[in-house]
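The values are calculated or read from the model by the stated rules, or taken from the named source; none is laboratory data. On a predicted model such as this, the values are computed, not experimentally measured, just so you know. So basically every Cβ, Gly included, is an ideal-geometry build from the backbone, and we count neighbours across all protein chains shown.
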Amino acid sequence: MARFAFSLGTHDELRETGVVIGDSFDEALATLSRRFRPTKGDRLELGVEGFPPARYEHTGYARGVAGWRPAGLMAA
């Protein structure tokens with residue numbers, strides 16, 4: 001199992017930081033979504049030691065499933 005470091009908050013406020021254990025990146029993301037129940041616009045950084053973190057922005061919920069999109073993408 002891998003250890004994923006994370007930080008969760010908004011542009012102005014950091015609410016949670018820590019480590020989550022999981023077999024995969026997707027599992028770690030799902031665990032964090034259940035544990036903290038993010039709201040639309042929240043930002044998440046998630047990564048493993050030695051690599052830059054992936055950055056996501058929460059897009060809300062669809063049929064009870066949390067939606068995340070990569071943060072910082074520009075429209076074409």
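Listed values, structure above:
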| item | result |
| --- | --- |
| Pairs, first in contact (Cβ under 8 Å) with a residue 24 or more places away in the chain in region 34-46, second surrounded by 11 or more Cβ atoms within 10 Å (Cβ to Cβ) and among the β-branched types (Val, Ile, Thr), C-beta under 7 Å, six or more apart | Gly41/Thr10; Asp42/Thr10; Arg43/Thr10 |
| Of residues in region 1-18 being under 18 Å from Arg69 (Cβ atoms) and more than 11 Å from the chain's Cα centre (by Cα), the one surrounded by the fewest Cβ atoms within 10 Å (Cβ to Cβ) | His11 |
| Region 50-76: number of residues that are at pLDDT 90 or above and part of a loop (DSSP other than H, G, I, E, B) | 4 |
| Flag for Phe36 being at pLDDT 90 or above and surrounded by 15 or more Cβ atoms within 10 Å (Cβ to Cβ) | no |
| Output for region 5-39, where each listed residue is within 14 Å of Glu57 (Cα to Cα) and basic (Lys, Arg) | Arg37 |
| Residue list for region 43-66, filter: over 17 Å from Ala5 (Cβ atoms) and surrounded by 15 or more Cβ atoms within 10 Å (Cβ to Cβ) | Glu57, His58, Ala66 |
| Positions within region 1-43 being assigned to a helix (DSSP H, G or I) and aromatic (Phe, Trp, Tyr), in sequence order | Phe25, Phe36 |
| Residue in region 19-30 that is loosely packed, with under 15 Cβ neighbours inside 10 Å and in contact with a helix residue (DSSP H, G or I) (Cβ under 9 Å, 6 or more places away or on another chain) present | yes |
